[in-house]
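The values are calculated or read from the model by the stated rules, or taken from the named source; none is laboratory data. Since this is a predicted model, take the numbers as computed values, not measurements. Neighbour counts are summed over all protein chains in view; Cβ atoms, including those assigned to glycine, are modelled from backbone coordinates with ideal geometry. All accessible areas refer to the heavy atoms of the entire protein, side chains included, with ligands and DNA or RNA removed. Shrake-Rupley method; radii C 1.70, N 1.55, O 1.52, S 1.80 Å.
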Amino acid sequence: MEQDFEPLKNRLRIICDRLDQDEQLYFRPLIDTFRGQTQEFQRIMRDLGKFGEKIGDGSKFQVYREIQHLFDDAFRKKK
């Protein structure tokens with residue numbers, strides 16, 4: 001079932017690559033240890049907000065929606 005979250009984790013890794021090195025050191029373990037729990041996802045979303053404009057070239061809210069949809073799709077498959 002964890003494979004259902006791979007598209008989400010892959011997208012988060014792309015975002016992580018855009019961050020400063022110290023931010024990557026903090027954020028990458030959150031992605032790598034992510035197992036699909038809602039509280040893990042909430043922490044990731046909260047931390048994305050801290051990174052601001054670094055997470056995407058366009059609207060950060062568009063990035064949030066994309067990440068939320070990837071999580072929702074995987075979470076539905078999990079059940």
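One table, with the values for the structure above:
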item	result
Computed accessible area, residue 5, all protein chains, 1.4 angstrom probe, square angstrom	0 Å²
Karplus-derived 3J(HN,Hα), 6.51/-1.76/1.60, for each residue of the stretch 24-36, Hz, glycine and proline x	5, 4, 7, 7, 4, x, 5, 6, 5, 9, 4, 10, x
Neighbourhood net charge (14 Å Cβ-Cβ; Lys/Arg +1, Asp/Glu -1) for residue 24	-1
Gain on full stretching of the segment that runs from residue 60 to residue 77 - 0.36 nm per residue minus C-alpha separation	3.5 nm
Separation of the residue 32 and residue 14 label points, Cα + 7 Å toward Cβ, nm	2.2 nm
Residues of type aspartates and glutamates that residue 77 reaches as a straight line, Cα spacing below 16 Å, ignoring anything fewer than 8 places off in the same chain	2, 4, 6
Nitroxide proxy distance, nm - points 7 Å out along Cα→Cβ at residue 42 and residue 3	3.0 nm
Fully extended contour minus Cα-Cα distance, from residue 24 to residue 69, at 0.36 nm per residue	13.9 nm
Area of residue 57 that stays accessible when all protein chains are in place (1.4 Å probe, Å², to 10)	140 Å²
